[in-house]
1. By per-residue mean of other Cβ atoms within 10 Å, what is the highest-first order of 74-85, 107-118, 32-43?
2. Convert each backbone phi in the stretch 118-126 into a coupling constant with the Karplus relation 6.51 cos²θ - 1.76 cosθ + 1.60 (shift: θ = phi - 60°), then list the ³J(HN,Hα) values in order as whole Hz, x for Gly and Pro.
3. Going 7 Å from the Cα of S108 in the Cα-to-Cβ direction, what parts of the stretch 17-50 have a backbone nitrogen less than 20 Å from that spot?
4. Taking H as built 1.01 Å from N, whose amide H comes closer than 5 Å to the amide H of Y119, not counting residues under 5 places away?
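Only the coordinates and a few stated rules stand behind these numbers; no lab work does. As the structure is a prediction and not an experimental result, all values here were calculated from the model. All Cβ positions, even for glycine, are placed from backbone atoms using ideal geometry, and neighbour counts span all protein chains on display.
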Amino acid sequence: MIMTGTTGKYGPIEVFRTGTFQPMGGTAQTITEASLRQIAATYDRELAQAPVVIGHPEIDAPAFGWVESLYVEGGILKATLQDTVAEFAEVVRNGRYKRVSISLFLPSSSANPKPGTFYLKHVGFLGAAAPAVPGLKPVKFHGGTGDSLIFSQDRPGAASFAQNDKLMRLRRQVREQEVEKLIGEGRVLLVFKDE
């Protein structure tokens, strides 16, 4: 069921499944249903909420939304999203980003919020790039580095210049909204706005 409305909540969407996959820059990994259940069970949005991003940025920014929850159904890891930026939801609705790919912290990563287990780092929405994990349903919205495994097959030059320009404008707009919010909360002084 896809949630609708102005709350910025969407889902569930399929983000991962069982199988053997080749992460970017790593050796093949076999993911079992038990692995998926562990990823879902250890996810704690209060401890370290995973952002929704475009592609697989190294610094997980800007965030176009956040993963609210994870669960497993029929060998598929599913996510619900919250606080999704309206402009981002619109480009997904228009079919610009139908595929998703995830990044996981490795159990041994020093940045892992729950060492010893895989932990969701981010959910990346892909444009024309083919995900490393095929067979997931396309995403549809209706209404309103060595520390991780990235399951994607991004191909340089796959997106057109116009798509990249639109993406850069969207990222800049989200960044500006985040800075305005931080200024409003008193966490950033107005004199540092342009920095």
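1. The peptides rank, most packed first, as 74-85, 32-43, 107-118.
2. 5, 9, 5, 8, 6, 10, x, 8, 10
3. 21-32, 35, 39
4. F105
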